[in-house]
Amino acid sequence: MKLILLGAPGAGKGTQADILKVKLNIPTISTGNILRAAVKNGTPTGLKAKEYMDAGKLVPDEVIIGIINERLQEADCANGYILDGVPRTIAQAEAMEQAGISFDAVVAIEIPDEKIVARMGGRRVCENCGASYHIVNIPPKKDGVCDVCGGKLVQRKDDNPETVRDRLAVYHKETEPLKGFYEARGILKTVEDQSTVAGTTQAILEALGR
Ligand code: AP5
Ligand code: ZN
């Protein structure tokens, strides 16, 4: 299955993608995680992306299109994939279409902005493997330590309330129009956030007829 997870920052795309990749046995491709790794490693892409990410702005389309075209060539994508956080602009979606990249379904996770601002303050991510937690909703077994790899859990730089508001504004302006784009292609599925991770997973699987 070739799937896009669409949703506001903090909607739970990364959390759901990590669960769905196991259930559906296909890889997840998160441009946010790829870019954060590039920033951490100081690669040319990372150097270009850092200032946009820290400010809560979108990284230029050509950088993203390059990342995606390269990643989808890899062998593990042959049987399908889940795109988390991409495409994020109509231009990115059009570029994928022109490159012959097709999708079976686009799942849009719907959640009110106020709920997101409250949620982001509690997010912690592993600085080593990128695994995501929430201090109240999804706590790690040991405070401040990643369950997966033992890495240190930190707050993301772009999770302060002011940047979260900027990211939400960018989402509504640049990314939300993608719903209409994929609705017109007959593949949009809309799912309400269920407040629990398992509840939202269930709703997504139902929407996909699984
Ligand atoms: P990216 O990493 O993609 O960030 P985002 O879209 O802003 O999304 P988040 O990762 O913040 O949220 P999420 O929806 O994955 O939520 P999560 O599962 O963590 O992008 C970062 C930056 O990179 C962008 O701002 C941009 O600069 C750049 N970028 C990336 N892709 C790009 C592109 N295509 N084009 C241009 N620029 C790009 O959940 C959030 C929190 O809530 C967690 O703590 C989680 O534990 C908790 N939670 C999740 N689900 C639930 C639930 N159901 N109940 C309770 N808590 C929950
Ligand atoms: Zn980790």
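Over the chain, what portion of Cα pair distances is larger than 27 Å, expressed as a whole percent?
For the chain, the share of Cα pairs beyond 27 Å comes to 27 percent.
Leaving out ligands, DNA and RNA, and with a 1.4 Å probe, what % of the accessible surface on the chain is carbon or sulfur?
That fraction is 50 percent.
With θ set to phi - 60° and the Karplus curve 6.51 cos²θ - 1.76 cosθ + 1.60, what are the ³J(HN,Hα) couplings of the range 165-175 in order, to the nearest whole Hz, using x for Gly and Pro?
Here the 3J(HN,Hα) series is 5, 4, 5, 5, 4, 4, 4, 5, 7, 9, 9 Hz.
Which whole-Hz couplings ³J(HN,Hα) result when phi for each residue of the range 94-104 is put into the Karplus expression 6.51 cos²θ - 1.76 cosθ + 1.60, θ = phi - 60°, listed in order with x for Gly and Pro?
5, 5, 5, 4, 5, 7, x, 8, 10, 9, 8
At a threshold of 8 angstrom on Cα-Cα distance, excluding pairs fewer than six apart, so keeping six or more, what relative contact order does the chain reach in percent? Before the final figure, lay out the partial values.
Details: 304 pairs, mean separation 60.1, N = 210.
Value for the chain: 29 percent.
Relative to the present Cα-Cα distance, how much length would full extension add between residue 192 and residue 176 at 0.36 nm per residue of separation?
The span from residue 192 to residue 176 would gain 4.3 nm if fully extended.
Pull up all non-local amide H partners of residue 29: gap of 5 or more, or a different chain, and H-to-H distance under 5 Å with H placed in the peptide plane.
82, 83, 84
Please state, to two decimals, what the Cα-based radius of gyration of the range 90-165 comes to when divided by 2.2 N^0.38 Å (N = residues).
Expressed relative to 2.2 N^0.38 Å, the Cα Rg reads 1.45.
Where a Cα-Cα gap under 16 Å defines reach, which lysines qualify for residue 40, not counting those fewer than 8 residues away within the same chain?
Cross-link targets: 48, 50, 152, 157.
Assuming R0 = 41 Å, can you tell me the calculated FRET efficiency for the pair residue 210 and residue 162, based on Cβ-Cβ distance, to the nearest 0.05?
Once rounded, the FRET efficiency stands at 0.60.
For the range 59-68, in order, what is each residue's ³J(HN,Hα) by Karplus, 6.51 cos²θ - 1.76 cosθ + 1.60 with θ = phi - 60°, in whole Hz (x at glycine and Pro)?
6, x, 3, 5, 5, 5, 4, x, 4, 5
Once you place label points 7 Å from the Cα toward the Cβ at residue 184 and residue 142, how far apart are they in nm?
5.3 nm
With the other protein chains left in place, how much accessible area per residue, in square angstrom, belongs to the chain at a 1.4 angstrom probe?
51 Å²
Tell me the relative contact order for the range 17-68 as a rounded percent, counting alpha carbon contacts under 8 Å between residues six or more apart.
Details: 27 pairs, mean separation 11.8, N = 52.
Once divided by the residue count of the range 17-68, the mean separation gives 23 percent.
Given the rule -39500 (n - 2.57) for each run of at least 4 DSSP H residues, summed and divided by the residues of the chain, what is its mean residue ellipticity at 222 nm, to the nearest 500 deg cm²/dmol?
For the chain, the value works out to -13000 deg cm²/dmol.
Could you check what % of the DSSP bridge pairs in the range 53-210 are antiparallel, to the nearest 5? Could the numbers behind the result be given before it?
Details: 8 of 13 bridges.
If we restrict to bridges inside the range 53-210, about 60 percent are antiparallel.
Give me the number: length gained by fully extending residue 129 to residue 104, i.e. 0.36 nm times residue separation minus the C-alpha to C-alpha distance, one decimal in nm. Intermediate results must be reported in sequence, preceding the final value.
Numbers: separation 25, 0.36 × 25 = 9.00 nm, distance 2.87 nm.
That works out to 6.1 nm of additional length.
Which whole-number percent gives the relative contact order of the range 86-152, counting Cα pairs below 8 Å spaced six or more residues apart?
Taking the mean separation of contacting Cα pairs over the length of the range 86-152, I get 19 percent.
With each pseudo-label sitting 7 Å past Cα toward Cβ, what's the residue 74-residue 40 distance in nm, one decimal?
Distance between the two pseudo-spin positions: 1.4 nm.
The values are calculated or read from the model by the stated rules, or taken from the named source; none is laboratory data. The structure presented is a predicted model; accordingly, all values stated were derived computationally and were not measured. Reconstructed Cβ throughout: ideal geometry from the backbone, glycine too, with neighbour counts over all protein chains shown. With ligands, DNA and RNA removed, areas are computed over all heavy atoms of the protein, side chains included. Shrake-Rupley method; radii C 1.70, N 1.55, O 1.52, S 1.80 Å.
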